[in-house]
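Visitor: Below are the structure tokens for one structure; questions will follow.
The values are calculated or read from the model by the stated rules, or taken from the named source; none is laboratory data. Just so we're clear, the structure is a prediction, and the values are computed from it rather than from any experiment. In this analysis, Cβ positions are derived from the backbone assuming ideal geometry, glycine residues included, and neighbour counts consider all displayed protein chains.
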Amino acid sequence: MFQEYDLTTFYRLLHPRPVAVITSTCGEGKVNAMACSWFTPVSEEPPTIAVVVDESSYTAECIELMGEFALNILPSELLNKIWVAGSRSGRNVDKIRAMDVNLIKCSKINSYAISESIAYIEVSKVVSYGIGGSKVFFGEVVAAYVKDDVAGNYGWKLDKVSIPLHDWGRKFYVLDKNAKYTYIRDVRS
């Protein structure tokens, strides 16, 4: 038997989700960071992703201004730094300093990535669509980088790295690298 679920929180049925940190450059070269779990690939050719942020956020302002951003995947060990990126406004705080992370210059966009990331994706040619107080940014992936031996052709090597999953608010899940993972090749009967 099913029971009706509150539509104002329907999205919680789609969590937990991987969390990333968006870095973008805004006015006078200031680098901003924001934790985000609402992102997804939307096309392989051209390689395109979408991210969703509050339309009034400083991140939305920066992405609109520059038309590009980097999506940084940090390991679970840096969850406290991800929390800083998601709990303060870049208008009021230098989040890069507050997170205590280092930046590296991106190769294909005029912005920076977080050097402590285990992977980062450079995104340009961004277009946006506003809906219900949110802004959806679609952008072409122009470069992607991953640290040695943490990912292969089929994604993360979960015995080597732990990716944090955001549930909601202050709640996160961490995949234990020591757990046994099962890969099912074919589920057809």
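Visitor: Can you tell me which residue is nearest to Thr59 (Cα to Cα) among those in the range 102-127 that are surrounded by 22 or more Cβ atoms within 10 Å (Cβ to Cβ) and more than 15 Å from the chain's Cα centre (by Cα)?
Guide: Residue satisfying both the conditions and the ranking: Ser111.
Visitor: While we're on this one: Please work out if Asn72 is in contact with a Gly (Cβ under 6 Å, 6 or more places away or on another chain), surrounded by 22 or more Cβ atoms within 10 Å (Cβ to Cβ) and modelled with pLDDT of 95 or more.
Guide: No; evaluated as a whole, the condition is false for this residue.
Visitor: Mind checking which strands (runs of 3 or more DSSP E) fall wholly inside the range 86-152 and carry at least 3 residues that are more than 23 Å from Pro41 (Cα to Cα)?
Guide: 103-105
Visitor: Which of the residues belonging to the range 12-34 are surrounded by 12 or more Cβ atoms within 10 Å (Cβ to Cβ) and over 24 Å from Lys125 (Cβ atoms)?
Guide: Arg12, His15, Pro16, Arg17, Val19
Visitor: Show the residue pairs that are 6+ apart or on different chains and have beta-carbon atoms under 8 Å apart, the first residue being within the range 88-99 and without any contact (Cβ under 8 Å) to a residue 24 or more places away in the chain, the second being in a loop (DSSP other than H, G, I, E, B) and surrounded by 15 or more Cβ atoms within 10 Å (Cβ to Cβ).
Guide: Ala98/Arg88
Visitor: Of all residues in the range 147-172 being under 19 Å from Tyr120 (Cβ atoms), of a type outside the set (A, V, I, L, M, F, W, C) and within 16 Å of the chain's Cα centre (by Cα), which is surrounded by the most Cβ atoms within 10 Å (Cβ to Cβ)?
Guide: In this case the residue turns out to be Pro164.
Visitor: Would you confirm whether any residue within the range 42-49 is free of Cβ contacts under 8 Å to residues at least 24 places away in the same chain and assigned to a strand (DSSP E or B)?
Guide: Yes, the range 42-49 has at least one match.
Visitor: All but one of (1) surrounded by 13 or more Cβ atoms within 10 Å (Cβ to Cβ); (2) touching a residue at least 60 places away in the same chain (Cβ under 8 Å); (3) not hydroxyl-bearing (Ser, Thr, Tyr) hold for Gly130; state the number of the condition that does not hold.
Guide: Of everything listed in (1) surrounded by 13 or more Cβ atoms within 10 Å (Cβ to Cβ); (2) touching a residue at least 60 places away in the same chain (Cβ under 8 Å); (3) not hydroxyl-bearing (Ser, Thr, Tyr), Gly130 misses just condition (1).
Visitor: Does Ala85 meet the test of being in contact with a Phe, Trp or Tyr (Cβ under 6 Å, 6 or more places away or on another chain), surrounded by 13 or more Cβ atoms within 10 Å (Cβ to Cβ), in contact (Cβ under 8 Å) with a residue 40 or more places away in the chain and not β-branched (Val, Ile, Thr)?
Guide: no
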